[in-house]
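Here is the structure we will look at.
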Amino acid sequence: MLPYPKIDPVIFKIGPFQVRWYGLMYLISFLASLFLCRYQLKERGRKDLYPFLENLLFYSFIGLVIGARLGFCFFYYPDYFLSHPEEILAIWKGGMSFHGGAIGAIATGYFYIKIKKQSFLYWADLVVVTAPLGLFFGRIGNFINGEIFGKPTTLPWGMIFPEGGPVPRHPVQLYESLVTGLFLFLFLWNLRNKPWKDGTKLAIFLILYGILRFFFEFLREPGQSFSLIFGWMTMGQVLCLFMIASGLGLLFYLRRK
């Protein structure tokens, strides 16, 4: 068994103001995506698109945060948050959904791109190859918070989490940070200059992340008020199936086009 490193989720605070590791991970993810997207535009000789990119990422980031919170509230615990709507804004208590964040980021990005009369699939491919880095940093933030831990395990790297009882559990946050974060980023980054139809890299991301996350869900410990579908499938797995279907549908559309 490995000891769980008890890191204070709060980096520092001044009066009621707090800077938390989880929030810092969002900022690092945004800056990393901005840097890598600018790098891709530089490779393509399109530095003139830097201002558009910066605005696109800014609005998409806002949509991501709003979507992530709303997704957590209404994908996973709708009854509670409909009864306690004031809690929806309490993001400092934790609770963000990747799938909700993805929907929010894509929706806001789509409308901004269309308003500016640009190609949505071109920009989606440019940004999506950097998206797994956000997953990497986000899961590190979950690990520091001691949330989204796994089911009990007897493996030597199991950890006892503060909110997980006295038994060792899978550090599933670290599994996901490496596989759906770092490894998936390295894979997609190596595909960034492939001369494929616009939208192909977006489709690959949707399919691969959906498959990987679907299987990692089997290792996660569902929350106390969490209801399983069909007695075994989590809401996260249902949303992953929609991701996979969307990716396959996009590939079919591009092939027909």
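Of all residues being out of contact with any strand residue (DSSP E or B) (no Cβ under 8 Å at 6 or more places or on another chain) and not in a helix (DSSP H, G or I) in segment 14-55, which is nearest to residue 193 (Cα to Cα)? Just the residue, please.
For segment 14-55, the residue satisfying everything is 44.
So that you can scan it fast, the table gives a plain yes or no per residue for (1) buried (at least 18 other Cβ atoms within 10 Å of the Cβ); (2) among the hydrophobic types (A, V, I, L, M, F, W, C); (3) over 23 Å from the mean Cα position of the chain (by Cα):
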residue: 3; (1), (2), (3): no, no, yes
residue: 14; (1), (2), (3): no, yes, yes
residue: 35; (1), (2), (3): no, yes, no
residue: 41; (1), (2), (3): no, yes, yes
residue: 53; (1), (2), (3): yes, yes, no
residue: 61; (1), (2), (3): yes, yes, no
residue: 78; (1), (2), (3): no, no, no
residue: 83; (1), (2), (3): no, no, yes
residue: 87; (1), (2), (3): no, no, no
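Among the numbered criteria (1) buried (at least 23 other Cβ atoms within 10 Å of the Cβ); (2) farther than 27 Å from residue 102 by Cα, which single criterion is violated by residue 129?
Result: residue 129 passes all but (2).
With 150, 146, 134 as the choices, which residue is farther than 30 Å from residue 199 by Cβ and out of contact with any Phe, Trp or Tyr (no Cβ under 7 Å at 6 or more places or on another chain)?
Exactly one of 150, 146, 134 is farther than 30 Å from residue 199 by Cβ and out of contact with any Phe, Trp or Tyr (no Cβ under 7 Å at 6 or more places or on another chain), namely 150.
Determine whether residue 143 is under 25 Å from residue 243 (Cβ atoms) and touching a helix residue (DSSP H, G or I) at 6+ places or on another chain (Cβ under 8 Å).
yes
Could you give me the residue pairs with C-beta distances under 9 Å whose first residue belongs to segment 98-125 and is without any contact (Cβ under 8 Å) to a residue 40 or more places away in the chain and crowded, with 20+ Cβ neighbours inside 10 Å, whose second residue is in a helix (DSSP H, G or I) and of a type in the set (D, E, K, R) wherever it lies, and which are 6+ apart or on separate chains?
From segment 98-125, the pairs are 100/69; 101/69.
Yes/no matrix, rows are residues, columns are (1) part of a loop (DSSP other than H, G, I, E, B); (2) at pLDDT 95 or above; (3) under 20 Å from residue 74 (Cα atoms); (4) β-branched (Val, Ile, Thr):
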| residue | (1), (2), (3), (4) |
| --- | --- |
| 206 | no, yes, no, no |
| 212 | no, yes, no, no |
| 218 | no, no, no, no |
| 227 | yes, no, yes, no |
| 238 | no, no, yes, yes |
| 244 | no, yes, no, yes |
| 249 | no, yes, no, no |
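Taking only segment 74-113 into account, find how many residues are part of a loop (DSSP other than H, G, I, E, B) and not hydroxyl-bearing (Ser, Thr, Tyr). I'd like the intermediate steps shown before the answer.
If we filter segment 74-113 for residues that are part of a loop (DSSP other than H, G, I, E, B), which is where we start, we get 77, 84, 90, 94-97.
Right, trim to not hydroxyl-bearing (Ser, Thr, Tyr) and you get 84, 90, 94-96.
So the answer is 5.
Hey, can you tell me all the residues within segment 162-210 that are at positive phi and surrounded by 19 or more Cβ atoms within 10 Å (Cβ to Cβ)?
Of everything in segment 162-210, just one residue is at positive phi and surrounded by 19 or more Cβ atoms within 10 Å (Cβ to Cβ), namely 199.
The values are calculated or read from the model by the stated rules, or taken from the named source; none is laboratory data. Model, not experiment: these values are computed from the prediction. Every residue, glycine as well, gets a Cβ built from its backbone with ideal geometry; the counts of neighbours run over all protein chains shown.
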